[in-house]
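Input: one structure, supplied below.
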Amino acid sequence: AQSVTQPDIHITVSEGASLELRCNYSYGATPYLFWYVQSPGQGLQLLLKYFSGDTLVQGIKGFEAEFKRSQSSFNLRKPSVHWSDAAEYFCAVGVNSGGSNYKLTFGKGTLLTVNP
Amino acid sequence: EAQVTQNPRYLITVTGKKLTVTCSQNMNHEYMSWYRQDPGLGLRQIYYSMNVEVTDKGDVPEGYKVSRKEKRNFPLILESPSPNQTSLYFCASRRTHTQYFGPGTRLTVL
């Protein structure tokens, strides 16, 4: 079965610093990969996705992610963090699972704190 | 505006009192699903629906029911809620391989 690992439960960065959130997945084929962000008290907002093609994908809010097949990774990056980026970030793998179902398997999330 | 809506957003109830959380989407998506989010466990799929009148179990279906009588609506039913169903619930609808989530319903069962 597919799985997603986000090794960092909590990361703290200073405003203006660069950011990289790690995500590793386990799946037999090339999966559909996603990053979602959840601000406090809010729902899940899609930041970016990778299906195929260029392995560096751009998303909203200045985020980007790079798919590395050899490392089974899909790390999220931002060159300069803003205080409003403080939130919880979830990596997810979309796979066809059991007959006609397609579902997302989520990592457990990385909580980002931004210091002024 | 394209969106998934859920109601209520917050609900406190007592053990055994039947409740329904509604979910509606205006994107004409065929696929809809329900997830629950718990600390340390991430999001887990409860039920999904491929189309009207077609529903099936996800990873954690025990204690839940769903129905899909119309394409836009996918209510989640807890016929006899228990404290272990206290959680944050998300409804989602899907176009191709991308899921769009509702704002969430925070449920507390006392």
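The values are calculated or read from the model by the stated rules, or taken from the named source; none is laboratory data. These numbers were taken from a predicted model, which means no experiment stands behind them. Cβ coordinates were reconstructed from backbone atoms using ideal geometry, including for glycine residues, and neighbour counts include every protein chain displayed. To get the accessible areas, we keep the full protein, side chains included, count just its heavy atoms, and leave off ligands, DNA and RNA. Shrake-Rupley method; radii C 1.70, N 1.55, O 1.52, S 1.80 Å.
Per residue and in cubic angstrom, what volume does the convex hull of the Cα atoms of chain B have?
On the way: hull volume 10.2 nm³, N = 110.
That works out to 93 Å³ per residue.
If you take the accessible area of B alone plus A alone and subtract the pair, what total do you get in square angstrom, rounded to 100, with a 1.4 Å probe? Each step should come with its number before you reach the end.
On the way: alone 6110 and 6260 Å², together 10620 Å².
Interface between B and A: roughly 1700 Å².
When the convex hull of the C-alpha atoms of chain A is computed, what volume per residue in Å³ does it have?
Values: hull volume 11.9 nm³, N = 116.
Output value, Cα hull per residue: 103 Å³.
Among B:Lys57, B:Lys71, B:Lys18, which one shows the biggest mean-square fluctuation in a GNM of chain B, springs joining Cα atoms closer than 10 Å?
B:Lys18
A further question follows. For the protein assembly as shown, what is the accessible area per residue in Å² when the probe is 1.4 Å?
Value for the protein assembly as shown: 47 Å² per residue.
Find the cysteines in the protein assembly as shown that fail to meet the 4.7 Å Cβ criterion with every other cysteine, and list them.
none
Using a 10 angstrom cutoff on alpha carbons, build the Gaussian network for chain A and name the most mobile of A:Ala92, A:Ala17, A:Ala65.
Maximum among the listed residues: A:Ala17.
So how much slack lies between B:Thr15 and B:Leu110, counting 0.36 nm per residue of separation and subtracting their Cα-Cα distance, in nm?
Length gained between B:Thr15 and B:Leu110: 33.6 nm.
Expressed as a rounded percentage, what relative contact order does segment B:50-110 have, with Cα pairs under 8 Å and six or more residues apart?
Values: 75 pairs, mean separation 15.3, N = 61.
Taking the mean separation of contacting Cα pairs over the length of segment B:50-110, I get 25 percent.
Moving on to the next point. Pop out the carbon and sulfur fraction of the accessible area of chain B as a percent, whole number, probe 1.4 Å.
51 percent
I want to make sure I understand the PRE zone here: with the label point 7 angstrom from the Cα of B:Lys57 toward its beta carbon, which residues in segment B:64-84 have backbone N atoms less than 15 Å away?
Under cut-off, by backbone N: B:64-66.
Take the alpha carbon gyration tensor of the protein assembly as shown, find the square roots of its eigenvalues, order them as a ≥ b ≥ c, and report rounded if a/c is under 1.5; if not, report prolate when a/b exceeds b/c, else oblate. Before the final figure, lay out the partial values.
Numbers: a/c = 1.91, a/b = 1.44, b/c = 1.32.
Because a/c hits 1.5 or more and a/b exceeds b/c, the protein assembly as shown counts as prolate.
Let me ask something else about it. Using the charge dipole of chain A (Lys, Arg: +1 at Cβ; Asp, Glu: -1 at Cβ; taken about the Cα centre), state which of A:Thr113, A:Phe67, A:Gln2 has its Cα farthest towards the positive end.
Ranked along the dipole, the leading option is A:Gln2.
Counting other Cβ atoms within 10 Å of each Cβ, which GluC sites (Glu not before Pro) in segment A:36-116 have at most 10 and sit in a DSSP loop?
none
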